[in-house]
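First comes the structure, then the notes that go with it.
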Amino acid sequence: MGCGAQKNSTGLNEKLRARALEIFRRIDINNSGSIDKDETQKFWKTNFAKVNTQALFNAVDFDKSGQISEDEWMAFWEIVKKSGYTDKEISEELDNLMEGKAWVQFKKVDEFVKRDQLR
């Protein structure tokens, strides 16, 4: 993936890491260590499941394999943090995900990944 860290940025704290992993494991209903689109659509049920799933995979499936590994999932949240989002913003978004609310577009993350890919 090759997403490097920016200077003076720190990663996720332990509480946020644990919360992100909890959500990943809730989506990974077959406990395979990765999530696929079927599992993700089941997670969202009828709350724009296909739209949310596609947005999530566009953002997090870095290798475009059709599966999101735990490593990709955690790397994504580390990038969110390194892109300038606060612990509070990340915590609120993780809480929203836990409640099955819609996936959001992290504009700063998209820009971070694009810059990294150009290196």
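The values are calculated or read from the model by the stated rules, or taken from the named source; none is laboratory data. Quick caveat: nothing in here was measured; it's all calculated off a predicted structure. Virtual Cβ from ideal backbone geometry, glycine too; neighbours counted across all protein chains shown. Side chains are part of the model used for accessible areas, which takes the heavy atoms of the whole protein and leaves out ligands, DNA and RNA. Shrake-Rupley method; radii C 1.70, N 1.55, O 1.52, S 1.80 Å.
Computed from label points 7 Å out along Cα-Cβ, the spacing between ASN47 and ARG17 is 2.7 nm. Taking the centroid of alpha carbons for each part, region 9-35 and region 60-100 are 8 Å apart.
Rounded to the nearest percent, how much of the accessible area of region 14-113 (1.4 Å probe, protein heavy atoms only) is carbon and sulfur?
Result for region 14-113: 49 percent of the exposed heavy-atom area is carbon or sulfur.
Taken over the Cα atoms of region 14-113, the convex hull encloses 87 Å³ per residue.
Nothing charged except the Cβ atoms of Lys and Arg (+1) and of Asp and Glu (-1): what's the magnitude of the dipole of region 32-112 about its Cα centre? Round to the nearest 20 debye.
Charge dipole, region 32-112, about its Cα centre: 320 debye, nearest 20.
With contacts taken as Cα pairs under 8 Å and at least 6 residues apart, region 14-113 reaches a relative contact order of 31 percent. Accessible surface calculations at 1.4 Å, restricted to protein heavy atoms, place region 14-68 at 59 Å² per residue.
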